[in-house]
There are 2 protein chains.
Amino acid sequence: MLSDLEIAKNCNLESIETIAEKLGIESSDLIPYGKDKAKVSLDVLTKNNATKPADLVLVTSINPTPAGEGKSTVTVGLAQALQQLGKSVSCALREPSLGPVMGIKGGATGGGYSQVVPMESINLHFTGDIHAITAANNALSALIDNHIFQGNALNIDIRRITWKRVVDLNDRALREVIIGLGGVKQGIPREDGFTITVASEIMAVLCLADSYDDLKLRLGRMIIGYTVDDEPVTVKDLAVEGALTLLLKEAFQPNLVQTLEGVPAFIHGGPFANIAHGCNSVIATKMASKVSDIVVTEAGFGADLGAEKFLNIKSRMAELNPKAVVVVATIRALKMHGGVPVADLDKENVEALLDGLSNLKKHTETIEAFELPYVVAINQFTSDTKKEVEALTSWCQTEGIAVAETNVWKDGGRGGLALGKEVLKLLEEKQTRFKPLYPLDASLKEKIEKVATTVYGAAGVDYNKDAEEMIHRLTQLGFDNLPICMAKTQYSLSDDPTLLGRPKDFRLMIREIRPSIGAGFIVCLTGDVLTMPGLPKQPAALQMDIGADLEAIGLF
Amino acid sequence: MLSDLEIAKNCNLESIETIAEKLGIESSDLIPYGKDKAKVSLDVLTKNNATKPADLVLVTSINPTPAGEGKSTVTVGLAQALQQLGKSVSCALREPSLGPVMGIKGGATGGGYSQVVPMESINLHFTGDIHAITAANNALSALIDNHIFQGNALNIDIRRITWKRVVDLNDRALREVIIGLGGVKQGIPREDGFTITVASEIMAVLCLADSYDDLKLRLGRMIIGYTVDDEPVTVKDLAVEGALTLLLKEAFQPNLVQTLEGVPAFIHGGPFANIAHGCNSVIATKMASKVSDIVVTEAGFGADLGAEKFLNIKSRMAELNPKAVVVVATIRALKMHGGVPVADLDKENVEALLDGLSNLKKHTETIEAFELPYVVAINQFTSDTKKEVEALTSWCQTEGIAVAETNVWKDGGRGGLALGKEVLKLLEEKQTRFKPLYPLDASLKEKIEKVATTVYGAAGVDYNKDAEEMIHRLTQLGFDNLPICMAKTQYSLSDDPTLLGRPKDFRLMIREIRPSIGAGFIVCLTGDVLTMPGLPKQPAALQMDIGADLEAIGLF
């Protein structure tokens, strides 16, 4: 069997100009990066204003397990299927972070015959967007520490600096550090910490801004800490929002690549969905929506995280109108939610499958709470048995849930035709506008409790003292009208990663509240979730190499 | 008067394909990054082996002063002049670091009508090479700390880890830090520090490797620290040289841009010359040398730093054969070396000029010690008076030193024709091969003392205890056959930045010795020189912005 990388390398790519032509994007609006990727000028957004925006389809999933769900693979496969069905379609996806690529995943560009390419470049440095964000973030940190070193005119309290440095790596040793050591010439000693770039506020800002002016305004609004008198200090107070905008100028342009079947794919922005808002950039989704009839997009992890934030944060803020949702599940993963350990997944177990469906059921209820139509996609594995498939199909019929099997890993778009047809059926039914779960003028606690109970199924919410105080503080500052961005483990509906299936009677613990005023949301950290991952005992990096023909080894 | 950025923006660039065509580089070997820059495949190096390598011309200067010397401007202007004189010529230059761009310089791409373009992109992220080096360096750090966290099979002593993290910024607060705080789940606490990326060993490795195989071998040889038993631990011991090579795959390809007059310019690799070896990549110099008849290249800061290392390290290691040297000086800077403060530079002062010539004289003696022919380029300023110019010219005649005035800032290549003709004269005289200052089999102390006395004019060298011990250690390990890479202030021939002109009777203090076995040299730190610069009170970043037409503001 060919590896993903071998499949990707054997594919004959169309030139990026040809892909752009499909979308009516002129070559003067295309900034090539190599022969197979390009950035696209934002001028495209203001041309041909007569066209109506595309139908937006969101792909989400059940809670991920080590068994694998293949959400990105289904997203790409669905877009390829829709193209085979004669539709003008594009994808809007996130850029992979180097942290998981070097750490555990090895890559994040779909799989088999449903990949975006060039996979090697996309998985490594791509067009440099994430590096530009890292540079802008850390330039701001250096400017903050320099401001203090040079006299601290703004009276910043070094114990109250909330702006962290970043690296786009999994590096647990940088979670908590002390900087500025070494004496009077080396800076001012203080506690600091690093987060992974994809969890940074600048990543969120880049993904939510809808113009350069908006980008600069948002960067200026970011709070970097508090004065000795406990007043917020913003980037605008430091007068460096212009410099940060300049550093992000190229990174703000969406990247265009293609799938293995030549479907145009916009890959832009890459916030994690557990510790950040989990969606590709607004500007890429809007651009894709401008130049095609259907846009298939993806939000990270399960519907409790990515889809909730895609709808309550991104879609509301950017006035996007998603028309249909695909919920991806696999029989293997459902069996894990039903209690089967990884080692036994190849054995038929209908009972465990039926138990595990409680997880899928919760996520479909969530989509229903947003008043959106959906279809469940069952991503096939060779280990699925006939009895298991029948049990699942019959359950869906009983529940009145539309379902389609996909085999896009093996067959590309052809393996997603059934799903494609189901999606087209939903789009033709012309649904009304989706409804956010909570109004913006609800209190912060009301918002948190709404998501916790309706989406996670929690019995209630507890707050520790620091979180209580920050909620009070942010309410006083008038920031309580912002949406919330929950940071929670992806593995469970609860804040305990070991509780699979559909946990009940649990209470959600809010450990910390962080305002992201530039992004325009309030981050709520639950459980033990960390904004800087660690590397596993055997990192993927140990397998990576460059081959005799300079081909990448160890990306998969 | 137009700013550098305005001049650069008003220029009509040729397409990068046209520039490549001039050099006989086929479009299949060109990887475009936007319309005006490209990476070039290393395949070019193995094609058309019949051609003879270009004549290599090195541009260096006196010790820099705040008055400005314009070495990059003269380098670009000379190449443009040689093109006007009908020669097939290209430049080989370094990539600017974001640290000084955000800090003090605002840009580093020449000036006036002698610039490389696109200046905005080159000064900011360019093609991402330095970001890739940052990522590779910090991935290695994360892998080291993870190795220790996961059981430390290699028995690495956490007090003896010499591998530092990097950011490509001026950030003094990161010079000395403590990482791994926060308890048992967050890593192992230890002392660490950040250097600026352009001073990192990976930057040096990328600049000195001559093939992908060599790159991987060098990365594998890098020492990251020592075991509890004080044995060196290398990247190869950690088995991650493949991953690092993969991360540097694109960064290793030279970048092609152009000057304002359409001279092809290879800009690749950017080590500082005070704290690193100060030259663009070997691979770019070799490529330029393959595709043109004359290559004009530059080494950083004065001849005591950049030129010394260009000759003793880069040229020897890569078997390059430079044929002629240009030593850049300005009347203003020479007056500063003669004791005039910045505020009084506009006043005529022949006496101070003649005093300051001692600095120029020392550098010409250095070039003579390498047995290379040279010409002094006097880069004109409007404040230069007729008497000053006459005094300088007459001094050169008395000393038997070839000299040419240039006005390349104002007139582009036309302003460098006199210099161009002098350079051609030197090349036609067909000089013999340059002679390194010391043999590789001399002891480390002999090498240090040779450079200190012959190049800097020191009376002798002192070593502190740590340096003494490390020299002993490296000699035991068999690394004493490597060249040395001196880290010294650029402002003075001595290790005291306040001593201008030609200091005498000083002793050089060697404070620390750091082996860079991957790069293939031993770094010798003198005086107070730091491998992580700080920001000034008013960083250039405060002036930076993005304009209404998205043009960069504040780069100059």
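The values are calculated or read from the model by the stated rules, or taken from the named source; none is laboratory data. Keep in mind it's a predicted model, so treat the numbers as computed, not measured. Ideal geometry is used to build each Cβ from the backbone, glycine not excepted, and the neighbour counts take in all protein chains shown. These area figures cover heavy atoms from the full protein model, side chains too; ligands, DNA and RNA do not enter into them. Shrake-Rupley method; radii C 1.70, N 1.55, O 1.52, S 1.80 Å.
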Legend entry - Solvent-accessible area buried by B and A, counting both chains, probe 1.4 angstrom, square angstrom: 6000 Å²
Legend entry - Cα principal axis extents for the stretch B:273-312, largest first, Å: 31, 15, 15
Legend entry - 10 Å Cβ neighbours from other chains, averaged over peptide A:543-553: 5
Legend entry - Whole-Å semi-axes of the ellipsoid equivalent to the stretch A:227-314 (Cα gyration tensor, √5λ, descending): 31, 19, 10
Legend entry - Euclidean distance of C-alpha centroids, the stretch A:331-385 and the stretch A:34-61, integer Å: 33 Å
Inset, instruction - Work out which residues of the stretch B:120-134 lose at minimum 50 square angstrom of accessible surface when the other protein chains are put back, relative to the chain isolated, with a 1.4 angstrom probe, and list them by number. - result: B:His125, B:His131
Legend entry - Of B:Lys314/B:Lys537; A:Lys185/A:Lys488; B:Lys22/B:Lys249; B:Lys22/B:Lys450; A:Lys39/A:Lys450, pairs whose Cα-Cα distance is over 31 Å: B:Lys314/B:Lys537; A:Lys185/A:Lys488; B:Lys22/B:Lys450; A:Lys39/A:Lys450
Inset, instruction - Could you work out, for the stretch B:382-506, what percent of all Cα-Cα pairs fall into each 10 Å distance bin, beginning at 0 Å and stopping at the bin that holds the largest distance? - result: 10, 24, 28, 23, 13, 3
Inset, instruction - Would you please classify the overall shape of the stretch A:150-283 from the alpha carbon gyration tensor, given that a ≥ b ≥ c denote the square roots of the eigenvalues, rounded means a/c under 1.5, and beyond that prolate means a/b larger than b/c while oblate covers the rest? - result: prolate
Inset, instruction - Just need the relative contact order of the stretch B:285-441 here, percent rounded to a whole number, with Cα pairs under 8 Å and 6+ apart. - result: 25 percent
Inset, instruction - May I ask you to report, in nm to one decimal and beginning with the shortest, the distances from B:Gly460 to the same position in the other copies, taking label points 7 Å along Cα-to-Cβ? - result: 8.2
Inset, instruction - Past 22 Å, Cα to Cα, is the threshold; run A:Lys35/B:Lys290; B:Lys286/B:Lys309; A:Lys347/A:Lys421; A:Lys286/B:Lys37; B:Lys52/B:Lys323 against it and keep the listed order. - result: A:Lys35/B:Lys290; A:Lys347/A:Lys421; A:Lys286/B:Lys37
Legend entry - Cα-based helix-to-principal-axis angle, B:212-221 vs chain B, degrees rounded to 10: 50 degrees
Inset, instruction - Can you list which of the trypsin sites (Lys or Arg not before Pro) found in the stretch B:270-373 are DSSP loop residues with at most 16 other C-beta atoms within 10 Å? - result: B:Lys347
Inset, instruction - Rank these residues by their accessible area, most exposed first, probe 1.4 Å: B:Arg175, A:Arg159. - result: A:Arg159, B:Arg175
Legend entry - At R0 = 60 Å, FRET efficiency that the Cβ-Cβ distance of B:Arg160 and A:Asn464 yields, to 0.05: 0.90
Inset, instruction - Indicate the gyration tensor shape class of the protein assembly as shown (rounded, prolate or oblate), computed on the Cα atoms with a ≥ b ≥ c the square roots of the eigenvalues: a/c under 1.5 is rounded; otherwise a/b larger than b/c is prolate and the rest oblate. - result: prolate
Inset, instruction - Give a quick list of GluC sites (Glu not before Pro) in the stretch A:162-203 that DSSP marks as loop, anything other than H, G, I, E or B, with at most 10 other Cβ atoms within 10 Å. - result: none
Legend entry - Rel. contact order, % - alpha carbon contacts under 8 angstrom, at least six apart, the stretch A:444-526: 35 percent
Inset, instruction - Within the stretch A:357-378, which residues have the backbone N less than 16 Å from the label spot 7 Å out from A:Ser394 along Cα→beta-carbon, could you tell me? - result: A:357
Inset, instruction - Have a look at the stretch A:166-207 and report residues whose accessible surface goes down by 50 Å² or more when the remaining protein chains are included, against the chain on its own, probe 1.4 Å, ligands and DNA/RNA excluded. - result: A:Leu169, A:Arg172, A:Ala173, A:Glu176, A:Ile178, A:Leu181, A:Gln186
Inset, instruction - Kindly work out what percent of the DSSP beta bridges joining two residues of the stretch B:444-526 are antiparallel, to the nearest 5. - result: 45 percent
Legend entry - Length-normalised contact order of chain B in % [C-alpha pairs under 8 Å, at least 6 apart]: 21 percent
Legend entry - Shortest-first distances to equivalent copies, position B:Asp346, nm, label 7 Å out along Cβ: 8.4
Inset, instruction - Shortest first and in nm with one decimal, please list how far the A:Lys387 label point sits from its counterparts in the other copies (point 7 Å along Cα→Cβ). - result: 10.7
Inset, instruction - Give me the Debye-computed log₁₀ of I(q)/I(0) at q = 0.10, 0.11, 0.12 Å⁻¹ for chain B, equal point scatterers on Cα only, no solvent, two decimals. - result: -0.80, -0.98, -1.17
Legend entry - Listed residues A:Ala329, A:Cys396, A:Val340: farthest to the positive end of the dipole of the stretch A:302-447 (Cβ charges): A:Ala329
Inset, instruction - Starting from the coordinates of the alpha-carbon atoms of the stretch A:444-526, obtain the Kirkwood hydrodynamic radius over all distinct pairs and give the value in Å to one decimal. - result: 12.9 Å
Legend entry - Acute angle (nearest 10 degrees) that the helix B:71-84 long axis makes with the longest principal axis of chain B, alpha-carbon atoms: 60 degrees
Inset, instruction - Please work out the average accessible area per residue across chain A, using the 1.4 Å probe convention, and give it in Å². - result: 34 Å²
Legend entry - For the stretch A:524-541, Karplus couplings with θ = phi - 60° (6.51, -1.76, 1.60), whole Hz, Gly/Pro x: 10, 8, 10, x, 9, 4, 10, 8, 9, x, x, 8, x, 4, 10, x, 4, 4
Legend entry - Antiparallel bridge percentage (DSSP; both residues within chain A; nearest 5): 45 percent
Inset, instruction - Stick to Cα atoms and the Kirkwood definition of Rh, then tell me Rg/Rh for the stretch B:173-230. - result: 1.10
Legend entry - For the stretch A:480-539 and the stretch A:176-209, distance of Cα centres in Å: 21 Å
Legend entry - Theoretical FRET efficiency, 1/(1+(r/R0)^6), r = Cβ-Cβ of A:Glu446 and A:Leu477, R0 25 Å, to 0.05: 0.90
Legend entry - Computed E for B:Leu542/A:Val184 - FRET, C-beta separation, R0 22 angstrom, nearest 0.05: 0.35
Legend entry - Helical mean residue ellipticity (222 nm; -39500 (n - 2.57) per DSSP H run of 4+; nearest 500) of chain A: -9000 deg cm²/dmol
Legend entry - Carbon/sulfur fraction of accessible area - the stretch A:396-500, other protein chains in place, 1.4 Å, %: 51 percent
Legend entry - Surface accessible to a 1.4 Å probe, B:Tyr491 within the full protein complex, Å²: 100 Å²
Legend entry - Computed accessible area, A:Trp409, all protein chains, 1.4 angstrom probe, square angstrom: 90 Å²
